[in-house]
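The values are calculated or read from the model by the stated rules, or taken from the named source; none is laboratory data. Everything numeric in this text was worked out from a predicted model, so none of it was measured. Ideal geometry is used to build each Cβ from the backbone, glycine not excepted, and the neighbour counts take in all protein chains shown. Note: areas computed on protein heavy atoms with side chains; ligands, DNA, RNA excluded. Shrake-Rupley method; radii C 1.70, N 1.55, O 1.52, S 1.80 Å.
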Amino acid sequence: MANVRLVQGNEACALGALKAGAYNFFGYPITPSTEIAEHMAEMMPKCGARFVQMEDEIASIGAVIGAAATGRKAFTATSGPGFSLMQEAIGFAAIDEVPCVVVDVQRMGPCTGLPTLSAQGDIQQARFGSHGDHAIIALAPSSVMETYYMTIQCFNLAEKYRTPVILLLDEEIGHLRERFDVDPDEEVEIINRKQPTCAPEDYLPYENTEDDVPAMAYWGKGYRYHMTGLTHNQKGYYSSVLPEVDAFNRRLTRKIEGHIDEFWESEDFFVDDCDYLFIAYGSVARTAQEAMEELRAEGIKVGLLRPKTIWPINEAKIKKACEGKKAVIVPELNLGQYAREIERVIGKPVEKVTRVDSELVLVEECVDKVKEVLK
Amino acid sequence: MSSHEKYKIRLSGSGGQGVIKAAVMLAEAALVDGRNATQSQVYGPESRGGATRAEVNISDGPILFPKVENPGILLCMSPESFEKFGADIAPGGTLILDGDVGEGTKGVKNYRIPITDTCRDLDPKGSDLSANVVALGVLNGLFDFVSRDAIVESLYRNFKKKVAELNWKFYDAGYEMGKNAKPFEL
């Protein structure tokens, strides 16, 4: 009880970032993510960390990448319009394998849309927003407590796989206040990037290692290397040598998607014991869970698979979960961005419950959809 | 004594009236009492005006759907908020109207309570700044959602000490009005 207080999702994100060891925040405040910047601005100077309000989102992500290259844990927080502006540089972080975290508190789009209101419209953008082939990791929390732990996990995954990681909050969770019961001194696992053990002259910053993740020296520690947005060889210099280019591009995707079983997480309810399966994430998963409980109380066998890891998609897991179900129902705050991915994976249509009017999907909408399919 | 019912509450008003803050204080007090609560809000891009709604769920168990679609308790502190949300109230629910706001709703318990006027009367400068704290008092006077100790703790968590102390008389005035209020039906 001692630690129980009412905390907002965005504040939990800020607290999680500090717990993970975030040393730098560079950002340009934007609704509905602004509270993250506000909390970082207040807390970071008190722990000797650095908060900088940048001139825009492009500068923000650029500074994040620079700080992260020196070995600091760095992140930014934004929403739709800012997330769009950051896409090119997220590609830079991907090709140069710079660990960093981008928090996107999704709001209604496209464009300026409805700044204060909720949506889950950036699901596909989080995966494919930046050009070229590379994998990405994106996580989506469903509660304030989970936002705290998931933010820590984002930093850990970024460090472990040398990749930008996206925390996909939605406005509902970012602005939701609920019970928060975390001991600030609790011990949590903190992962730091692998360091080179070789002599500086032997260091290959983009080495094709067995685990697909090369060691990353901190800038300024004597391991000199070249960092470029151009496709590069293991030393970091521009390369258009076919086998090198091929090996590099394949490794960028393989280092994440080839290791999916090491980090992919979901919360499953009656997935093996149901006829109708909801697949839902973020705020909407709470609606789906309540609908599931209502329907099960009526004797209708309903389950819920809640991917905590939105990207990459765990094809084997989704396929197995959907096998033999009478229907798969995907409720979300967009016109079917994740449903489309589920359909691709399972090779057949799913039932959609979509809302793009800024209100959260209602429990009765999910209940009605199952009853409609039942007939 | 606080009760152990499950409550779905919506506080609505004009941006700047502090309905979100009142909702935060109520939800925080519920946590202090060892209960579970969620608090959410919907507001427009304007920092003043517009119709703001803040919602609180209070329960002893887990709260999944975090918002309030059909409130059992609806507070309207501006004419616009009554027009916008008046029809959302659950049948048999409780509607609280501030002063001359709205005409009431059929099939519910209506209360007309001079929340903002009471605040102005109590404030030495005639300000309505603490109307949200009067409203919090009214709500707890009507329902006793949370204990007085929890409200004390919540006020101190949400305001600086001096401001919290100044707010006591506003809360108490609201609580008394809530305790003594008589409903009317349409």
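Per-residue answers, yes or no, for (1) within 14 Å of chain B (Cβ to nearest Cβ); (2) touching a residue at least 12 places away in the same chain (Cβ under 8 Å); (3) more than 24 Å from A:HIS175 (Cβ to Cβ):
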{"site": "A:GLY21", "(1), (2), (3)": "no, yes, yes"}
{"site": "A:GLU42", "(1), (2), (3)": "no, no, no"}
{"site": "A:ASP56", "(1), (2), (3)": "no, yes, no"}
{"site": "A:GLY62", "(1), (2), (3)": "no, yes, yes"}
Exclusive hit being within 14 Å of another protein chain (Cβ to nearest Cβ) and among the β-branched types (Val, Ile, Thr), set A:VAL7, A:VAL52: A:VAL7
Helices (runs of 4 or more DSSP H) contained entirely in the range A:1-114, each with at least 2 residues that are under 17 Å from the mean Cα position of the chain (by Cα): A:9-20, A:57-69, A:80-95
Flag if B:GLN17 is polar (S, T, N, Q) and either within 13 Å of chain A (Cβ to nearest Cβ) or assigned to a strand (DSSP E or B) (or both): no
Answer residue from the range A:239-260, given it is free of Cβ contacts under 8 Å to residues at least 12 places away in the same chain and open to solvent by 30 Å² or more (accessible area, probe 1.4 Å) and is nearest to the chain's Cα centre (by Cα) among those: A:ARG250
Among the candidates B:PRO91, B:PRO45, B:PRO62, B:PRO71, residue that is out of contact with any strand residue (DSSP E or B) (no Cβ under 8 Å at 6 or more places or on another chain) and not small (Gly, Ala, Ser): B:PRO91
Residue list for the range B:133-176, restricted to those being outside any helix (DSSP H, G or I) and open to solvent by 10 Å² or more (accessible area, probe 1.4 Å): B:ASP144, B:SER147, B:PHE159, B:LYS160
Tabulated pairs, the range B:28-42, first at the interface with chain A (Cβ under 7 Å from one of its Cβ atoms) and assigned to a strand (DSSP E or B), second hydroxyl-bearing (Ser, Thr, Tyr) and open to solvent by less than 30 Å² (accessible area, probe 1.4 Å), C-beta under 7 angstrom, 6+ apart or interchain: B:ASN36/B:SER59; B:GLN41/B:THR52
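Test A:PHE269 against the stated conditions and say whether it is within 14 Å of chain B (Cβ to nearest Cβ) and surrounded by 21 or more Cβ atoms within 10 Å (Cβ to Cβ). Give the steps one after another, and end with the answer.
Working: within 14 Å of chain B (Cβ to nearest Cβ): yes; surrounded by 21 or more Cβ atoms within 10 Å (Cβ to Cβ): no.
So A:PHE269 does not fit the description; no.
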Residues (open to solvent by 80 Å² or more (accessible area, probe 1.4 Å), in contact with a helix residue (DSSP H, G or I) (Cβ under 9 Å, 6 or more places away or on another chain) and either of a type in the set (A, V, I, L, M) or assigned to a loop (DSSP other than H, G, I, E, B) (or both)) located in the range A:331-375: A:LYS348, A:PRO349
Residues of the range A:115-145 satisfying the condition of being outside any loop (DSSP other than H, G, I, E, B) and either more than 15 Å from the chain's Cα centre (by Cα) or closer than 21 Å to A:ASN156 by Cβ (or both): A:PRO115, A:THR116, A:LEU117, A:SER118, A:ALA126, A:ARG127, A:ILE137, A:ALA138, A:LEU139, A:VAL144, A:MET145
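When only residues in the range B:58-68 that are at the interface with chain A (Cβ under 10 Å from one of its Cβ atoms) and farther than 25 Å from B:GLY16 by Cβ count, which is most open to solvent (accessible area, probe 1.4 Å)? Lay out the reasoning, then the answer.
First pass over the range B:58-68, keeping only residues at the interface with chain A (Cβ under 10 Å from one of its Cβ atoms): B:62-67.
Narrowing further to those that are farther than 25 Å from B:GLY16 by Cβ: B:62-65.
Values: B:PRO62: 109, B:ILE63: 23, B:LEU64: 31, B:PHE65: 22 Å².
Checking each candidate, the answer is B:PRO62.
Across the range B:43-57, which residue is least open to solvent (accessible area, probe 1.4 Å) among those that are more than 11 Å from every other protein chain (Cβ to nearest Cβ) and not small (Gly, Ala, Ser)?
Looking only at the range B:43-57, we keep the residues that are more than 11 Å from every other protein chain (Cβ to nearest Cβ), and these are B:48-49, B:51, B:53.
When the remaining residues are screened for being not small (Gly, Ala, Ser), the result is B:48, B:53.
Numbers: B:ARG48: 171, B:ARG53: 24 Å².
It comes out as B:ARG53.
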Filter pass, A:LEU204 being among the aliphatic types (A, V, I, L, M) and more than 30 Å from B:SER59 (Cβ to Cβ): yes
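May I ask you to list the residues in the range A:175-207 that are within 14 Å of chain B (Cβ to nearest Cβ) and not in a loop (DSSP other than H, G, I, E, B)?
The initial filter retains those residues of the range A:175-207 that are within 14 Å of chain B (Cβ to nearest Cβ), namely A:175-182.
Hits for the range A:175-207 are A:HIS175, A:ARG177, A:GLU178, A:ARG179, A:PHE180.
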Pairs where the first residue, in the range A:267-286, is on the phi > 0 side of the Ramachandran plot and the second is outside any helix (DSSP H, G or I) and acidic (Asp, Glu), C-beta under 6 Å, 6+ apart: A:GLY282/A:ASP170
All positions within the range A:160-174 that are part of a helix (DSSP H, G or I) and within 14 Å of chain B (Cβ to nearest Cβ): A:GLU171, A:GLU172, A:ILE173, A:GLY174
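With respect to B:THR118, determine if the residue is in a loop (DSSP other than H, G, I, E, B) and crowded, with 20+ Cβ neighbours inside 10 Å.
Judged against the criteria, B:THR118 is not a match.
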